[in-house]
Amino acid sequence: DLAAAELVARADLVVDGILGIGGRGALREPAAWLAAVARETDVAVLAVDLPSGVDADTGAVADPDAVVHADRTVAFGCLKAGLLLGDGAVRTGELAVVDIGLSFDGLTPLDLVVRIDDDSAAPLLAGPGARDDKYTRGVVGVSAGSDAYPGAAVLATAGARHGLAGYVRYVGPAHDQVVAHWPDVVARPGRVGDAGRTQCWVVGSGRGVDDDARLAVLDAVALDVPLVLDADALTLVADDAEVRAAVVARAGVTVLTPHAGEFARLAGAPIGADRVAAVRELAADLRVVVLLKGSATVVASPDGQAYVAASAPPELATAGSGDVLAGLLGSLLAHHEARTPLDHMRAALLAAVAAHVHGAAGSVAAGDGRTVTAVDVAAALPEAVARVRRTPAS
């Protein structure tokens, strides 16, 4: 064992092939000790398929002292979800995928988790055509913010303005603040149902849970357009039986955007180690698309199709960032709904694209070591969209 440890410490490169994708649990001795030696020296570590000690499906690490920390991981055939999620994501290092001729014919949505990257997002972010006008580009409605939290309305409408929709409506208590910040947004008080035509509504960010906020959610649920429910609206879905029943019974596309705490209230239990399975289960139970926010955002449709968007830098964990994402998502849904009516599967893909662009905006905002606020994330959205659009055609 000492001789092996000395070899590891003197090596230029250590190749980790101890466990494959069927491995479970922590490394056993002496492998755990050798992994620790590699971790405590400057030797480069290359993991084959995944770092040993990481669960391939969930990213769970049973023992942080008995797992390989890779500088680079080369996955064969396809990425494994555990390389993008949980503790596995921070032990994977740089990622590469090598095609070894595997066939995925015959697999169902429940067999796969799709990672969203620039290549897959770019086609869904195409700019307007020569014959488009502000209506054909899509109209997104936002009912967010309150007297207590007017900033949420400003941030959600900022996200909506920088998506693909050509027209943003705002209805709610913070209409004066919205117009003061964004004169291009048509903002006024009143009810969601009386706002005029839209192709999507975004409801809940900072809106509160009082009777007026509850009415805004129920009004939006009754409309036959896609709907994004965020923040306080999720509290109503979790705690108000009538609101929850209306959401479950809704025929149209609905997207819920919880963080971990909100997810636990909606599901009635903490997420657990397998985030993909938990999101799939809640999406099926509520008959909605669920977008679970995090360092890697997981999205699932009611039929089980799951996506991961892993582009978010840590700086994106800042107050109000989720409000920007909700508005951006509503804008993408409105734009695509204006062209072809959406179903939940397509909406799930667009939700994952929105999360990817949101993460890209966080990276733009954090460039050169800058500190980041939600205002910076919103301001970075145009450059983020442009960067994704510039992705070379494959």
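Within the span defined as segment 10-18, one or more residues are small (Gly, Ala, Ser) and within 28 Å of ALA309 (Cα to Cα).
Every residue, every condition in (1) among the hydrophobic types (A, V, I, L, M, F, W, C); (2) outside any helix (DSSP H, G or I); (3) out of contact with any helix residue (DSSP H, G or I) (no Cβ under 6 Å at 6 or more places or on another chain), yes or no:
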| position | (1), (2), (3) |
| --- | --- |
| ALA3 | yes, no, yes |
| GLU6 | no, no, yes |
| VAL15 | yes, yes, yes |
| TRP33 | yes, no, yes |
| ALA47 | yes, yes, yes |
| PRO51 | no, yes, yes |
| PRO64 | no, yes, yes |
| VAL97 | yes, yes, yes |
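Give just the number: which of (1) assigned to a loop (DSSP other than H, G, I, E, B); (2) closer than 30 Å to LEU83 by Cβ; (3) modelled with pLDDT of 95 or more does ARG280 not satisfy? That leaves (1) as the condition not met.
Close Cβ contacts (under 7 Å, 6 or more residues apart or on different chains) running from residues in segment 176-193 that are at pLDDT 95 or above to residues that are of a type in the set (Gly, Ala, Ser) and assigned to a strand (DSSP E or B) comprise VAL178/ALA187; VAL179/ALA187; VAL192/GLY141; VAL192/SER143. Among the residues of segment 248-265, those that are of a type outside the set (D, E, K, R) and either surrounded by fewer than 23 Cβ atoms within 10 Å (Cβ to Cβ) or farther than 25 Å from SER143 by Cβ (or both) comprise VAL248, ALA249, ALA251, GLY252, HIS259, ALA260, GLY261, ALA264.
This table checks each residue for (1) open to solvent by less than 30 Å² (accessible area, probe 1.4 Å); (2) among the small types (Gly, Ala, Ser); (3) in contact with a Leu (Cβ under 8 Å, 6 or more places away or on another chain); (4) farther than 15 Å from ASP111 by Cα.
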residue: LEU282; (1), (2), (3), (4): yes, no, yes, yes
residue: ARG287; (1), (2), (3), (4): no, no, no, yes
residue: LEU291; (1), (2), (3), (4): yes, no, yes, yes
residue: GLY294; (1), (2), (3), (4): no, yes, no, yes
residue: PRO314; (1), (2), (3), (4): no, no, no, yes
residue: GLY320; (1), (2), (3), (4): yes, yes, yes, yes
residue: VAL324; (1), (2), (3), (4): yes, no, yes, yes
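The residues in segment 330-375 that are assigned to a helix (DSSP H, G or I) and either small (Gly, Ala, Ser) or open to solvent by less than 20 Å² (accessible area, probe 1.4 Å) (or both) can be counted, and the count is 27.
Screening THR108 on (1) closer than 30 Å to VAL45 by Cα; (2) of a type outside the set (A, V, I, L, M, F, W, C); (3) open to solvent by 40 Å² or more (accessible area, probe 1.4 Å) shows it passes everything except condition (1).
Looking at GLY129, GLY163, just one residue is assigned to a loop (DSSP other than H, G, I, E, B), within 19 Å of LEU227 (Cβ to Cβ) and open to solvent by 10 Å² or more (accessible area, probe 1.4 Å), and that residue is GLY163. Listed by first and then second residue, the pairs linking a residue in segment 49-73 that is under 13 Å from ALA35 (Cα atoms) to a residue that is open to solvent by 60 Å² or more (accessible area, probe 1.4 Å) and outside any loop (DSSP other than H, G, I, E, B), with Cβ atoms under 6 Å apart and 6 or more places separating them unless they lie on different chains, are HIS69/ARG39.
The values are calculated or read from the model by the stated rules, or taken from the named source; none is laboratory data. On a predicted model such as this, the values are computed, not experimentally measured, just so you know. Heads up, the Cβs are rebuilt from the backbone with ideal geometry, glycines too, and the neighbour counts pull from every protein chain shown. These area figures cover heavy atoms from the full protein model, side chains too; ligands, DNA and RNA do not enter into them. Shrake-Rupley method; radii C 1.70, N 1.55, O 1.52, S 1.80 Å.
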